[in-house]
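Structure record follows, encoded as structure tokens.
The values are calculated or read from the model by the stated rules, or taken from the named source; none is laboratory data. Every value quoted in this text rests on a predicted model; they were computed, and no experiment measured them. All Cβ positions, even for glycine, are placed from backbone atoms using ideal geometry, and neighbour counts span all protein chains on display. SASA here: full protein model, heavy atoms, side chains in, ligands and nucleic acids out. Shrake-Rupley method; radii C 1.70, N 1.55, O 1.52, S 1.80 Å.
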Amino acid sequence: MDSILEAKNIKKSFVRLHTLENISLHLNRKEFVTILGPSGCGKSTLFSIIAGIALPDQGDVIIEGEKYTGIAGRVSFMHQKDLLLPWRNILDNVCLPLFLKGINQRQAHAEALPHFALFGLEGFEKYYPAQLSGGMRQRAALLRTFMFSQDIMLLDEPFGGLDALTRQTMQQWLMNVMEEIESSVLLITHDVDEALLLSDRVYVLSHRPAEIRKEFRVNLKRPRGLNSFAEPEYIQLKESVLACLTDRPSEE
Amino acid sequence: MKKWRNTVDHLMSAGVGVLFLFLWEMTGRLQILPAYLLPPPSRILLAMVRNADLLWQHARITLLQAVVGFAIAMLLGCLLALWLDYSPLARKTLYPYLITSQTVPIIVLAPLFAMWFGFGILPKVLIVVLVCFFPITISLMEGLATVDKELMDLMHAMDASTWQKYRWVKLPAAMPSLFSGLKISGTYSIMGAVIGEWIGGRMGLGVYMLRVRQSFATDQVFAVITVIVILSILVLKIIQLAEEKAMPWQQHDQSQEEPVDQQK
Ligand SMILES: Nc1ncnc2c1ncn2[C@@H]1O[C@H](COP(=O)(O)OP(=O)(O)OP(=O)(O)O)[C@@H](O)[C@H]1O
Ligand SMILES: [Mg+2]
């Protein structure tokens, strides 16, 4: 199989909190995979480990066959909050990863500007983040993530902070963007519809200590849209995912 | 609409000031209080105009001492704050001393400095440095320490070096806090120089103030006080101006409406 990223038997405990229990998952090239799990089960912790900013107690992160456990800077990482720098305009914010790599301003701008149209940010290059709506800020954060590393992107609830309506527009928009770019994406969400709309595969995690409870393959035909919600295949899949999510372990 | 409200507010506060000056003037005119205790504003103004040359000569020295002391305090304070932020070990060992040092009232050190360094500019500058140093250090330290943890995690995920973390995130994030410290220190700087001059010297507003007090020229004492207040306000305004220049993004926070999302 053409797997670009693999997490092998990841375990992690905080002082008195056993968070991740033996998580193994993989992401194939150009695949969109979602991780669904109850709140506080350790999804963000798993992402910090994959991004290399936290160390697992056990297990390894393998990217393109090489060990990347605890090594930051290989994959790009987007947080639920946009985390844009309030003191920089959108263009500079988006270019930040390039600046950090030592690319000069002119070159960085030239590299980022062609993507502004696709990310719906054209004409807002010189605005400060505080002047943009939540949806636009989130798109800017996504473009910044994209500028850092295009082959593997980790998105941690990128639309979690948006209102329902904006979130839906953003999901549709992201789906269209995914048609244009060649990235492999790992997404965290609470939203089953979001997961089924965007993904090729879905992992469902259990309560803490989190284990992978089940893996679903989403074979709905693309392009997907609002009308996909009505397909019997979709309804059936959503029901089994929901059942799997809410099925609590017996000791609780 | 908002602008109009602002103008009204300004007029109101200016009106209160004018009323206050008017009542003050009346206490003198109606001889409620004798002029040798509380001269009316008109007399103070007259004293200022008459002694303008002399006041300016003394004010120059005070201003020089305050500015030099403030600049040194800013440099030292920022360097110390950066070091304490960067090195947890330095912070743990030095921070308690930094705090305790503030329990020593600087004013009691002034006579000592006069003994050690004479009556020139140096002891005054030293007092200004000591007075200004602490607020700058503490405010920058606080600003650097309260940076969003998730933002720092993101910088880590993007493999930023220590210098890059400071340059792109920590320093700009600490600016508002630093400037509030600078403003406090700025107003202290003139006061510090004047206190230093009280201990002894040949020039400066503090020296001049003692001199006119000895000749019971109350209106001139008030004239000096007025100049000191004006200088303090001036220093504060300059720092505020620098603040606006240094943080252009702050102006956009409230003044502009959110643009409508393109895709809606
Ligand atoms: N540095 C830490 N030290 C101690 N406990 C931590 C730390 N980071 C996270 N935790 C705990 O680990 C658990 C998992 O946290 P995590 O943020 O990974 O969950 P999550 O699944 O992303 O939750 P959410 O759905 O709310 O985003 C939480 O109970 C959290 O309190
Ligand atoms: Mg989380």
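Are there trypsin sites (Lys or Arg not before Pro) in the stretch B:133-210 that DSSP marks as loop and that have at most 10 other Cβ atoms within 10 Å, and which are they? Show your work: numbers first, answer last.
Details: sites: B:Lys149, B:Lys165, B:Arg167, B:Lys170, B:Lys183, B:Arg202; in loops: B:Arg202.
Answer by residue number: B:Arg202.
Which ³J(HN,Hα) values, rounded to whole Hz and listed in residue order, are derived for the stretch A:175-180 from phi using the Karplus coefficients 6.51, -1.76 and 1.60 in 6.51 cos²θ - 1.76 cosθ + 1.60 with θ = phi - 60°, glycine and proline given as x?
4, 5, 4, 4, 5, 8
Per residue, how much accessible area does the protein assembly as shown show when a 1.4 Å probe rolls over the protein heavy atoms, in square angstrom? Please list the in-between numbers first.
Values: 26600 Å² over 516 residues.
I get 52 Å² per residue for the protein assembly as shown.
How would the stretch A:113-187 be classified by its alpha-carbon gyration tensor: rounded, prolate or oblate, with rounded meaning a/c under 1.5 and the a/b versus b/c comparison settling the rest? Working shown, then result.
Numbers: a/c = 1.59, a/b = 1.14, b/c = 1.40.
Oblate shape, in that a/c is at least 1.5 and b/c is the bigger or equal ratio.
Using θ = phi - 60° and the Karplus curve 6.51 cos²θ - 1.76 cosθ + 1.60, what whole-Hz ³J(HN,Hα) does each residue of the stretch B:113-127 get, with Gly and Pro shown as x?
Calculated HN-Hα couplings, in order: 4, 4, 4, 6, 10, x, 10, x, 6, 3, x, 5, 4, 4, 4 Hz.
Which value, in Å² rounded to 10, gives the accessible area of A:His26 with a 1.4 Å probe and all protein chains present?
Counting only protein heavy atoms, the figure is 40 Å².
Measuring from label point to label point, each 7 Å out along Cα→Cβ, what is the B:Leu46 to B:Arg213 span in nm?
With each label placed 7 Å out from Cα toward Cβ, I get 2.4 nm.
Normalising by the residue count of the stretch B:89-228, find the relative contact order in percent from Cα pairs under 8 Å and 6+ residues apart.
On the way: 114 pairs, mean separation 38.8, N = 140.
Normalised by residue count, the contact order of the stretch B:89-228 is 28 percent.
Return a whole-number percent for the relative contact order of chain A, with Cα pairs under 8 Å and 6 or more residues apart as the contact set. Walk me through the intermediate numbers first.
Numbers: 450 pairs, mean separation 63.7, N = 252.
Relative contact order here is 25 percent.
From the helices alone, meaning DSSP H stretches of at least four residues, give me the mean residue ellipticity at 222 nm for chain A, per-run term -39500 (n - 2.57), in deg cm²/dmol to the nearest 500. Please list the in-between numbers first.
Details: 7 runs with 82 residues, N = 252.
Result for chain A: -10000 deg cm²/dmol, rounded to the nearest 500.
Under 5 Å between amide hydrogens, which residues at least 5 positions from A:Arg213 or on another chain qualify, with H placed 1.01 Å from N in the peptide plane?
Counting only residues 5 or more places away or on other chains, the set is A:Val204, A:Leu205, A:Ser206.
Stretch B:Lys237-B:Ser87 to full length: gain in nm at 0.36 nm per residue minus the Cα-Cα span? The partial results should precede the final answer.
On the way: separation 150, 0.36 × 150 = 54.00 nm, distance 3.41 nm.
Separation in residues times 0.36 nm, less the Cα-Cα distance, equals 50.6 nm.
Quick one: helix B:88-101 against the long Cα principal axis of chain B, what's the angle to the nearest 10°, folded into 0 to 90?
So the inclination is approximately 20 degrees.
By the gyration tensor of its Cα atoms, with a ≥ b ≥ c the square roots of the eigenvalues, what is the shape of the stretch A:1-90: rounded for a/c under 1.5, prolate for a/b over b/c, or oblate?
On the way: a/c = 1.65, a/b = 1.18, b/c = 1.40.
Oblate is the answer for the stretch A:1-90, as a/c is 1.5 or above yet b/c matches or exceeds a/b.
Whole angstrom only: what separates the Cα centroid of the stretch A:137-192 from the Cα centroid of the stretch B:26-97?
The distance from the Cα centre of the stretch A:137-192 to that of the stretch B:26-97 comes to 54 Å.
Tell me, what ³J(HN,Hα) does each residue in the stretch A:116-123 have, in order and in whole Hz, if you take phi through Karplus 6.51 cos²θ - 1.76 cosθ + 1.60 with θ = phi - 60° and put x for Gly and Pro?
After applying 6.51 cos²θ - 1.76 cosθ + 1.60, I find 4, 5, 4, 8, x, 10, 4, x Hz.
Students often forget the sequence filter, so: which lysines lie under 30 Å Cα-Cα from A:Lys8 once same-chain residues fewer than 8 apart are removed?
Leaving aside lysines fewer than 8 places away in the same chain, those within reach of A:Lys8 are A:Lys30, A:Lys43, A:Lys67, A:Lys81, A:Lys101, A:Lys214, A:Lys238, B:Lys149.
Among DSSP beta bridges whose residues both lie in the protein assembly as shown, state the antiparallel percentage, nearest 5. Kindly include the intermediate steps, with their values, before the conclusion.
Values: 20 of 38 bridges.
Counting only bridges with both partners in the protein assembly as shown, antiparallel ones make up about 55 percent.
Do you know the relative contact order of chain B, to the nearest whole percent, from alpha carbon pairs under 8 angstrom that are 6+ apart?
Numbers: 256 pairs, mean separation 66.1, N = 264.
Answer for chain B is 25 percent.
Counting only protein heavy atoms and a 1.4 Å probe, tell me what percentage of the stretch B:42-263's accessible area is made up of carbon and sulfur.
Numbers: 8160 of 11990 Å².
For the stretch B:42-263, the apolar C and S fraction of the accessible surface comes to 68 percent.
Name the residues of the stretch A:64-90 whose accessible area falls by at least 30 Å² when all protein chains are present instead of the chain alone, probe 1.4 Å?
So the qualifying set is A:Ala72, A:Phe77, A:His79, A:Lys81, A:Leu83, A:Leu85, A:Trp87, A:Arg88.
Assuming 0.36 nm per residue, please report the length gained on full extension of the stretch A:Phe229 to A:Glu125 beyond their Cα-Cα distance. Please report the intermediate quantities before stating the final value.
Values: separation 104, 0.36 × 104 = 37.44 nm, distance 3.57 nm.
This chain segment gains 33.9 nm when fully extended.
Between the stretch A:199-227 and the stretch B:119-183, what is the C-alpha centre distance in whole Å?
46
Given a 1.4 Å probe and no ligands, DNA or RNA in the count, how much accessible surface is buried by A and B, both sides, to the nearest 100 Å²? The partial results should precede the final answer.
Values: alone 12300 and 17260 Å², together 26600 Å².
The buried area between A and B, both sides summed, comes to about 3000 Å².
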